[in-house]
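What follows is a set of notes on a single structure, which appears directly below.
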Amino acid sequence: MAAAARGGAERYFTRWYKPDVKGRPCEDFCVLQHSNRICVITLAEAHPLLQNGKTIKSINYQISANCSRLQNKVSGKSKRGAQFLTELAPLCRISSTDDEEYTIYSCIRGRLIEVNENILSNPTILQEKPSTEGYIAVVLPKFEESKSITQGLLTQKEYEEVLLKRLNSSS
């Protein structure tokens with residue numbers, strides 16, 4: 001089943017990466033861009049939360065006193081009511097049992113279509129299946145921006161080169 005789900009992600013989505021978001025080393029995100037321009041925000045493979053020994057304590061979509069991503073109510077074909085996100089808009093905060101807190105950012109501009117509420121009750125799927133059931137959110141870029149949305153993001157090959165450089169500099 002996991003291989004089939006992964007195959008669907010590979011077939012219909014293009015992977016884009018945003019490494020070291022806000023200058024934080026290894027806090028990398030992956031944007032899965034569907035051919036219909038919808039984007040799924042996930043953790044990239046090298047994100048600290050996906051490394052051995054990390055256990056997620058809590059996930060919080062409450063960004064500030066007045067902003068909860070869970071309050072995002074979308075309706076109709078034009079997605080009325082969707083919260084608009086910039087590239088550095090926080091989607092959620094994730095705490096691990098070692099008292100580290102990670103803010104997960106949108107990485108792209110667009111309307112927030114949905115957040116993954118399943119990870120609230122089952123945070124382990126975020127680590128076990130980050131690019132399928134463990135996604136963070138779904139974002140829809142504006143039609144006129146859908147081609148330029150990936151500027152500043154890396155391709156899979158470029159991201160692998162970043163990972164290789166990190167490995168070489170740490171050894």
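The values are calculated or read from the model by the stated rules, or taken from the named source; none is laboratory data. Predicted model, so just to flag it, every value in this text is computed and none were measured. Note that we place each Cβ from the backbone using ideal geometry, even for glycine, and neighbour counts take in every protein chain shown. Accessible surface areas use protein heavy atoms only, side chains included; no ligands, DNA or RNA. Shrake-Rupley method; radii C 1.70, N 1.55, O 1.52, S 1.80 Å.
Residues in the stretch 11-32 that are open to solvent by less than 70 Å² (accessible area, probe 1.4 Å) and aromatic (Phe, Trp, Tyr) were compared, and the one that is modelled with the lowest pLDDT is PHE13. Checked against the criterion of being in contact with a Phe, Trp or Tyr (Cβ under 8 Å, 6 or more places away or on another chain), surrounded by 11 or more Cβ atoms within 10 Å (Cβ to Cβ) and either modelled with pLDDT under 95 or within 14 Å of PHE13 (Cβ to Cβ) (or both), the candidates GLN127, GLN156 yield just one match: GLN156. All conditions but one from (1) open to solvent by 50 Å² or more (accessible area, probe 1.4 Å); (2) within 18 Å of the chain's Cα centre (by Cα); (3) closer than 21 Å to PRO123 by Cβ apply to SER35; the one that does not is (3). If you go through the stretch 127-159 and keep only what is outside any loop (DSSP other than H, G, I, E, B), among the aliphatic types (A, V, I, L, M) and within 20 Å of CYS92 (Cβ to Cβ), you end up with ALA137, VAL138, VAL139, LEU140. Check the stretch 89-96 and report whether any residue there is open to solvent by 20 Å² or more (accessible area, probe 1.4 Å), basic (Lys, Arg) and more than 25 Å from ARG15 (Cα to Cα). The answer is no; no qualifying residue exists. Of the strands (runs of 3 or more DSSP E) lying entirely inside the stretch 14-106, those containing at least 1 residues that are touching a residue at least 60 places away in the same chain (Cβ under 8 Å) and not acidic (Asp, Glu) span 29-34, 39-43, 56-60, 101-105. Restricting attention to the stretch 138-153, and to residues there that are touching a Phe, Trp or Tyr at 6+ places or on another chain (Cβ under 9 Å) and hydrophobic (A, V, I, L, M, F, W, C), which single residue is modelled with the highest pLDDT? Once the filter is applied, the top-ranked residue is LEU153. Candidates are the residues of the stretch 107-124 that are closer than 14 Å to THR55 by Cα and part of a loop (DSSP other than H, G, I, E, B); the one that is most open to solvent (accessible area, probe 1.4 Å) is ASN122.
Taken together, PRO123, PRO141 contain a single residue that is under 14 Å from VAL31 (Cα atoms) and not aliphatic (A, V, I, L, M), which is PRO141.
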